[in-house]
Amino acid sequence: MATLTYYPGCSLKTSSKFYETSIKEVCSFYGIRLKELSDWSCCGASAAHTVDETLAHVLAARNIAMAEADGNHFFAPCSACYNRSKITNEKISKDKELREEINKLISPLQCLGTIEIKNIIEVFHDYVGIERIAREIQYDLSAIKVVPYYGCVLTRIPGVKTFDDVEDPVSMDTLLWAAGTKLVKWPFKMECCGAGKTLTNKDTTLRLSSKIMDMALTTGADMIVTSCPLCQMNLDLLPYLGKAEDNLPVLFLSEVFELALFGRLSGSGSHIIPVDGAVKKVKKK
Amino acid sequence: MDNLEFLHETEKVSGEKISTCYQCYKCTNGCPVAAEMDIVPHRIIRHIILGNKEKVLTSKSIWTCLQCITCSVRCPNDIDVARIFDALRKISVKEHCEADKDTWLFDSFFLDSVRKHGKLHELEAIMNYKLAKRDLFSDAKMGIGMFLKGRMGILPHNVKDRKQLREIFKKIVGERLGR
Ligand code: SF4
Ligand code: SF4
């Protein structure tokens, strides 16, 4: 049984609590033990590096330092947490000056930047594998057409070797295919949803997220699938942002696995855009 | 163009070699908000090189940027353009000439919440932002909708060692964030 250090980050405890529930159910099915990092703090997200670069590294380093003690891989399902932790881990391991500066600030904790940071796509690939995923599916999802939506920060990490292609990633496509869904090709895998401007510049978020939603509709998809909490939220908030009609449900990657394994969604009540229509297409094998 | 000081400052704060830009426009072509910018990305870069400090620092573009990083991964000269925009935000705030205050304000409340609790308390950060903007009700429906879906917590989550975190914040950014 594999054990991972689980770093939920703020979103998975608040606005995307149902993402956490779903991840836990699916990981437990596959025998992956999630050991939540004790006393973790916020990774700093996009706010910290805008205001102060050192603060951004310190916030991420505090968590990495605590995780380094037991040496397991560091599992960050949120794309922003993954991105920030990955950057700090890499920089601290390579840049001695930075390492000393940050360690002075977080002392007595010490961060060496030696941990492996994994996102949810990597966890499914590395710890379950597409063969086992395909073999163990319990429900037939072949009537559900999906478009994989990766968002910006999962693969766009300048200066760091990324796990998949920066501009045309396919790793989530493979997982969705193995889970038995009907994959639809589309050009908006990486289009920006408007990111953290949901409150400060609502019109931009509405414009960009609507574009993504409309493209998904054009392809005839039944749902958009993502692994990023911010992308999920911006798209799911479209009815409140001003796009009242023609919205497809936006599911987390782990929720598709839930459908394939258990035939239902534990977090269906947390979706703003209703998911029932898509769930009805699930058939018993 | 003998004002190289601004170029050097921006290169130092961003850690990027801005002077290697050869104006291929790739950053601008891929930018999802180029149409909303007063000065598009490749031109911002050019203005930095030309030393047009005021023009750059008072531009709205540096705040329109979403930090989507598309420009950075496409630049043929490996210039992390998004990081330069990030650096320009810091410099413009330091020089008190930022064209848009909302992003910085929201980010400051976000971090203030992290300083206090160790984790983001979304409701607190959002309410502080809304209070500062004197605009409590424009997004109330969205907030209530989120709450009813169980997606907005009332109470903060705290780290155990709050004192350590506050001290770290104090060392780096002082007692209060924002302005
Ligand atoms: S992509 Fe790079 S080289 Fe091309 S204009 Fe932008 S910054 Fe300059
Ligand atoms: S990071 Fe900013 S400037 Fe670069 S493409 Fe994205 S929005 Fe445009």
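The values are calculated or read from the model by the stated rules, or taken from the named source; none is laboratory data. It should be emphasised that the depicted structure is a prediction, and the values quoted were computed from it without experimental measurement. So basically every Cβ, Gly included, is an ideal-geometry build from the backbone, and we count neighbours across all protein chains shown. The accessibility values were calculated without ligands, DNA or RNA, using every heavy atom of the protein model including side chains. Shrake-Rupley method; radii C 1.70, N 1.55, O 1.52, S 1.80 Å.
Observations on the model:
- Heavy-atom accessible area, probed at 1.4 angstrom with all protein chains present, ranks A:96, A:91 as A:96, A:91, highest first.
- Centroid-to-centroid separation of segment A:163-210 and segment A:29-75 [C-alpha atoms, Å]: 24
- Estimated from helical segments only, the mean residue ellipticity of chain B at 222 nm is -16000 deg cm²/dmol, where each DSSP H run of four or more residues counts as -39500 (n - 2.57).
- Residues in segment A:15-56 that, when all protein chains are in place, have 40 Å² or more less accessible area than the chain alone would give (probe 1.4 Å): A:15, A:39, A:40, A:42, A:47, A:49, A:50, A:51, A:53, A:55
- All Cα-Cα separations within the protein assembly as shown were binned at 10 Å from zero, giving a P(r) of 4, 21, 31, 28, 13, 3, 0, 0, each value a whole percent of the pairs.
- Whole-angstrom gap from segment A:97-121 to segment A:228-271, using each part's C-alpha centre: 34
- Note: segment B:3-94, Cα convex hull, 78 Å³ per residue.
- Segment A:130-284 - share of DSSP beta bridges that are antiparallel (%, nearest 5): 20
- Solvent-free Debye scattering, log10 I(q)/I(0), computed from the Cα coordinates of segment A:123-281 at q = 0.16 Å⁻¹: -0.89
- Against the main long axis of the alpha-carbon atoms of chain A, helix A:253-262 sits at an angle near 50°.
- In order through segment A:225-242: 3J(HN,Hα) via Karplus (6.51 cos²θ - 1.76 cosθ + 1.60), integer Hz, x for Gly, Pro: 10, 9, 10, 9, x, 6, 4, 4, 5, 4, 5, 5, 7, 3, x, 7, 7, x
- Dipole magnitude of chain A, debye to nearest 20 (Cβ charges: Lys/Arg +1, Asp/Glu -1, about Cα centre): 500
- Helix runs (DSSP H) in chain B reaching 18 Å along axis by Cα, Kyte-Doolittle at least -1.0: B:81-94, B:102-117
- Between amide H atoms placed 1.01 Å from N, distances below 5 Å from residue B:153 occur with B:123, all of them 5 or more places distant or on a separate chain.
- When the pairs B:94/B:170; B:26/B:133; A:243/B:90 are compared against a 28 Å limit on Cα-Cα distance, B:26/B:133; A:243/B:90 fall above it.
- Length, then width, then depth: along the principal axes, the Cα atoms of segment A:169-234 run 39, 22, 17 Å.
- Share of Cα-Cα pairs in chain B lying beyond 26 Å, as whole percent: 43
- Accessible surface of segment A:2-118, 1.4 Å probe, proportion on carbon and sulfur as whole %: 49
- For segment A:49-103, Kirkwood radius (reciprocal of mean inverse C-alpha pair distance, Å): 11.5
- Remark on segment A:133-157: accessible area falls by at least 50 square angstrom from chain-alone to full-complex state for A:156, probe 1.4 angstrom.
- If both residues of a DSSP beta bridge must be in the protein assembly as shown, then about 10% of such bridges are antiparallel.
- Buried surface for the A/B pair, taken as the accessible area of each chain alone minus that of the pair with a 1.4 Å probe, is close to 4800 Å² in total.
- Rounded accessible area of residue B:98 (nearest 10 Å², 1.4 Å probe): 20
- Each of A:215, A:223, B:127 has its accessible area taken with a 1.4 Å probe; listed largest first, they run B:127, A:215, A:223.
- Solvent exposure of chain B as accessible area per residue, Å², 1.4 Å probe: 50
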